[in-house]
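For reference, the structure discussed in these notes is given below.
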Amino acid sequence: MSDLRELYQEVILDHNKRPRNFRAIAPPSQKAEGFNPLCGDRITVYVRMNGDLIEDVSFEGSGCAISKASGSLMTAALKGRTVTEADSLFQEFHTMVTSPADVPIETGRLDKLIVFSGVREYPVRVKCASLAWHTLRAALEARQDVVSTE
Ligand code: ZN
């Protein structure tokens with residue numbers, strides 16, 4: 001288990017150092033801003049839609065390693081998906097990071113997103129890992145207000 005944990009840690013550090021899709025989309029179909037006051041993470045998520053398809057998705061921002069890696073892995077996971085698929089992935093992700101630490105995780109479609117399962121043991125970190133997702137949802141719903149995890 002500790003090997004697995006180290007592997008997860010490595011993936012998170014890698015995505016923090018070299019975040020994928022770390023850029024703006026100009027002009028985006030939709031965008032939203034998110035803020036996690038507990039940690040100081042700030043993120044802007046950009047989406048370019050083609051009908052119901054998320055043709056491109058990217059992010060910018062500053063924050064801790066977990067928030068940045070989450071934006072990176074989330075955008076990588078969502079490109080080319082439909083809004084419905086994105087919603088159900090968000091549900092699975094949310095269930096994973098909020099479940100008790102001793103409950104085994106169903107990988108399902110989470111794939112690489114499983115690296116965030118470790119945040120279950122650190123409630124404050126759950127907000128860091130979820131910020132990108134809440135912000136994405138706001139972008140998809142075309143909400144104008146800044147999303148706050150508080
Ligand atoms: Zn954070």
Quiz item: Counting Lys and Arg as +1 and Asp and Glu as -1, what is the net charge of the other residues whose Cβ lies under 12 Å from the Cβ of Gln144?
Solution: -1
Quiz item: Does anyone have the angle between helix 83-98 and the longest principal axis of the chain? Alpha-carbon axes, 0 to 90°, nearest 10?
Solution: 30
Self-check item: Extension gain from Ser99 to Asp111, taking 0.36 nm per residue of separation minus the Cα-Cα distance
Solution: 2.6 nm
Exercise. Any chance you could list the semi-axes, whole Å, largest first, of the equivalent ellipsoid that the Cα gyration tensor gives for the chain, using √(5λ)?
Key: 23, 16, 14
Quiz item: For the pair Lys79 and Arg18, how long in nm is the line joining their label points, each one 7 Å along Cα→Cβ?
Solution: 1.4
Quiz item: Can you list the residues, at least 5 places off or on another chain, whose amide H is less than 5 Å from the amide H of Ser29, using H built in the peptide plane?
Solution: Val47, Arg48, Met49
Practice problem: Give a quick list of GluC sites (Glu not before Pro) in the stretch 83-149 that DSSP marks as loop, anything other than H, G, I, E or B, with at most 12 other Cβ atoms within 10 Å. | Solution: Glu106, Glu141
Exercise. Pop the C-beta distance of Ser88 and Glu121 into the FRET formula with R0 = 22 Å and round what comes out to the nearest 0.05.
Key: 0.30
Quiz item: Could you name the aspartates and glutamates in cross-link range of Lys17, using Cα to Cα under 14 Å and dropping any fewer than eight places away on the same chain?
Solution: Glu60
Self-check item: Assigned charges on the beta-carbon of Lys, Arg, Asp, Glu; the chain dipole about Cα centre (debye)
Solution: 400
Quiz item: Each residue of the stretch 137-150 in order: what ³J(HN,Hα) in whole Hz does its phi give by Karplus 6.51 cos²θ - 1.76 cosθ + 1.60, θ = phi - 60°, with x for Gly and Pro?
Solution: 4, 4, 5, 5, 8, 6, 8, 9, 6, 6, 6, 10, 6, 9
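Values quoted throughout were computed directly from the atomic coordinates according to the rules given, and no laboratory measurement underlies them. In this text the structure is predicted, and so the values were computed from the model without any measurement. All Cβ positions, glycine included, derive from the backbone under ideal geometry; neighbour counts span all protein chains shown.
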